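Q: Attaching a single structure in structure tokens format; questions to follow.
What follows draws every value from the coordinates through simple rules; no lab data is involved. The shown structure was predicted, so the numbers you read here are calculated from the model rather than taken from an experiment. A quick note on method: Cβ atoms are made from the backbone with ideal geometry, for glycine too, and the neighbour counts reach across all protein chains shown.
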Amino acid sequence: MTVLCPKCHQPLDDEDDGPYICCAGAPMQWRCTGCGKVSEGFAFPYGRCPQCGGRLELRAEPAAAAGHEAAATAAVRTAFEIELGGRAFYQRAALDCDDAELRTLFGRFAVMEGEHMETLARRYHLDLPDPSPQFRLETAAVYAGTGEPPRDAAGLFKLAIGLEKRAVAFFSERAAHCAPDSAEHRLYAELAAEEREHVSILTTEFARWRDRMPGLFGAPAAGADAAHGAPLNAAQLLLAPHDGAKIAIECGDERLSYAELRDRVARAAAVWRARGLRPGDRVAVKLPDGLDWVVCWLGTIWAGGIAVGVNPRVPAPEWQYILEEAGFNVIVAETDADTPEPWRAHVIPLAEGRRAVAAAQPDAPAIVDPDTPAFWLHTSGTSGKPKAVVHAHRCVREVGRISAERMGIRPDDRLYASSKLFFAYPLTNLLLAGLRLGATLILDAQWPTPETVAATVVQRRPTVLFSVPSLYRALLHEGRARAVADAGVRVCVSAGEALPASLRQAWRDATGLPMIDGYGASEVLVLVLTAVDGDDALCVSPGTQAEPLDADAVAAGTPTRLLIRSPMQALGYLDRPAAQADSFRDGRFCPADLFLRTESGHWRFAGREDSMVKVKGRWVNLVDLEERLGAGLPGLREGAAVWVSDADGMGAVAYYYSAGAADVKALRAELDRRIAALPPYQRPSQLLPIDMLPRTPTGKLLRRKLLELYQGTA
């Protein structure tokens, strides 16, 4: 049954969440201590007079006997004053700013502040205050402590950051002076957290604006040419410089030379334009890997659109989410059957698309600013919903450098990746870097399994193999690793997830082949950290800079996040301002992964932030624990540790493992022995068999899914 507020009779959403606040009936009349004007309303921007900016005082104070209620109402009123002031500032700043980008940005932040006030109004039972058309920038300057109103666009931006910082300090101070279990303490703490997020967002946006970087949908900033180089087209740059007769792509029995690929891509661009594709429009390529995938994807970029590779096996709920987020203008798929309305009308079935491309005349590439968006990549979703990462045309300029200088890849190499092209790892290292270097690419429409990957290697004889640790482990376990070496592979590259040292050595022992370990991310495309034979850990790759986010953690020998600067860095995330502020900091990428610095100054992967857990007051690195338990363990296919809540509510580690039926008894005995040798706080409290570890389509471990599995069976 819905519970109603006894005061205003509105529904209570959180009736079980401690004391609530209702602002109905709060005093509304104010007198300015400066000009004497009497105003009526629940709150005014920053608690200041709308006429002169002077301090306001209530004409009717709350009754002294209503202590808690008066304090709580005052807390809500103060929150409204801050949010109302922020919205008024951004509305006025958008009107007064002569910079088109800042007008758009300030307008967006005005909407955001309005959304926050709607939440407050709904939560505390109050009509939403009206906008403040008479608000003066001088009022904001007084509140921020700068004294004078801003005189230019940069000043407006700095004042906006100052206002948000002032709000953080104010709410934090108020929270510190409230009883920890009070409703007003909870309100102030929540608002302080929101304002900290605003500071991060604004600081990141200011850095982007200052460096003249464009927005994420493709409008280049004024003057960007001088800062970021001459106009170009990424697809043209990838395909133009090579011998036209050389084979560019093989897939099954089909082959395309570089000249044929250029021609077909230019024809695909003509098809998109004939169907109304405009610069910045998005095209989803929802196909199995193959020649059609490459032609559609590069053709979109050639035409000036934004190419987005989509997993052809994407689950229906995730596909719905991507559709609602992206708003594709065109979707290329084998069929429209699994695309819901209203997007189904945008689907071009593959057979129809092939006929159109064959009948079209080649079109010239769209030459654009280097920072114009060219394609999106979706993150793997290990920490929640996948994010769309927006990459610019400029990224192809140096996309082959690390491949050539660190991996030794040459134009005469034949490249093959077990993972699919919608994943950043093969898209970058196989397609983009391979084409940039003029190599031959081997594609496979089949979904990868140890059997199909080994068969493709034997049949197509690549010289460079890109794969992930879980598949390398499976090739070893099924006795197929030796066939890879015998087929002529000379370089194996591992990325996509952490490579255990024991697996790397086992691969070398079984095949005689070196394995290059790489760390990359959708946000920077290339493997920005790499380890070759002789390296004690991951080294910073050519053209990349990396430094610790927390220098004190490095000095203490504990893990830290990194700040990575790369010419391959994305423009940012699509419509994810909070994630943007956390991951993109002052022109650098800051992944959520953790690293330990070695004595030689290199970096050893220490897992994601969710892999560092506390058990009995001590930190446990789940990645290290998994390596200690599973290294060289006969019969173990794969294993993963997860933090779970124990009977005492203190937390413990559970270890999931996958093994063959004949190996279970011996494997359990060896696991018990290894666990007994660990410090008590590191010992898993439970060993849990599992058929297969949950992973993303790109092969990354979904540790949170293990926790959900545990909670469902506990």
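Q: Can you compute the modelled spin-label distance between Glu324 and Arg490, with each label point 7 Å from Cα toward Cβ, in nm?
A: Output for this residue pair reads 5.1 nm.
Q: Sticking with this structure for a sec: Explain nothing, just the number: relative contact order of the stretch 308-382, from Cα pairs under 8 Å at least 6 residues apart, as a whole percent.
A: It rounds to 30 percent for the stretch 308-382.
Q: Another question, then. Would you kindly state how much longer the chain becomes between Tyr681 and Ala169 on full extension, computed as 0.36 nm times their sequence separation minus their alpha carbon distance, in nm to one decimal?
A: Going from the current span to full extension adds 180.5 nm.
Q: Amide H to amide H, which residues 5 or more places from Ile516 or on other chains are under 5 Å from it, using H placed in the peptide plane?
A: Distant-sequence amide H within range of Ile516: Cys492, Val493, Ser494.
Q: Could the peptides 316-322, 551-557 be put in order, highest first, of the mean number of other beta-carbon atoms found within 10 Å of their residues?
A: Final packing ranking: 316-322, 551-557.
Q: Another question about this same structure. Output the Kirkwood hydrodynamic radius of the stretch 283-414, Cα pairs only, in Å rounded to one decimal.
A: 16.4 Å is the Kirkwood radius here.
Q: Taking H as built 1.01 Å from N, whose amide H comes closer than 5 Å to the amide H of Gln686, not counting residues under 5 places away?
A: Excluding prolines and chain starts, which carry no amide H, the hits are Tyr655.
Q: With each pseudo-label sitting 7 Å past Cα toward Cβ, what's the Asp691-Asp98 distance in nm, one decimal?
A: Roughly 6.8 nm, to one decimal.
Q: Only sites in a loop by DSSP and with at most 12 other Cβ atoms within 10 Å count here; which GluC sites (Glu not before Pro) in the stretch 536-628 make the cut?
A: Glu599
Q: Something else about it: Going highest first, how would you order 345-358, 393-406 by mean Cβ packing within 10 Å?
A: Most protected by this proxy first, the peptides run 393-406, 345-358.
Q: Relative contact order for the stretch 506-552: what percent, with Cα pairs under 8 Å and sequence separation of 6 or more?
A: 25
Q: For Gly408, list long-range residues whose amide hydrogen, built 1.01 Å from N in the peptide plane, is under 5 Å from its own amide hydrogen.
A: When sequence neighbours closer than 5 places are left aside, there are no close amide H contacts.
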